Amino acid sequence: MTVFKNVLVPIDFGPGAQAALDLALTVASSAGAKLTLFHAYTIPMPIYSEAAWAPADTLERESRKALDEALAKTRKSYPRAEAILVCGDPAHEIVAAATKGGADLIVMGTHGRRGLSRVLLGSVAEKVVRLSPVPVLTVPGDDRETKRAVASSVTA
């Protein structure tokens, strides 16, 4: 059986990410692993003027605030948690953080997009699964599927 020592949890502050964090807490606590919450925000393009930098600063500030709140809440039940905030393409930044930080498992939520919305928006989880050098555990965004995934992982 593989024992994980460093679990990376990318979060976007949505319900799928919360379900992934809940599952990652279970995995990390059972293994005594370090748990890293990770958020990558992106700056909408194009940014051509000085006036456009104000929203970028706001994006960073709001992202930091949300991540700090998630970390504080997580540390109440798991003190070995930390957080990383970066700016960039989420899929590539997640893989880079896993590689650089020595993660041996990524646990992330999915939005469950299908059809045209998936084609147009892409899937961060799918890109991470394809690019990651470590195992990736995806947690479905649908509440019923999420509860089923968490329940089966706890009994496994």
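Counting other Cβ atoms within 10 Å as a rough exposure proxy, the listed residues L131, L67, L35 run L131, L67, L35 from fewest neighbours to most. Note on A72 and T2: their simple-model spin labels are 3.5 nm apart, each label 7 Å out from Cα toward Cβ.
Any idea how far apart A56 and L131 come out in nm if each label point goes 7 Å out from Cα toward Cβ? A separation of 2.0 nm, rounded to one decimal place. Net charge of the neighbourhood of F13, taken over other residues with C-beta under 15 Å away and scored Lys/Arg +1, Asp/Glu -1, is -2.
Note on S30 and K65: with the Förster distance fixed at 22 Å, the Cβ-Cβ geometry gives a FRET efficiency of about 0.15.
Bear in mind that the values in this text are calculations on the coordinates, not laboratory data. Keep in mind the model is a prediction, meaning the values are calculated, not measured. Virtual Cβ from ideal backbone geometry, glycine too; neighbours counted across all protein chains shown.
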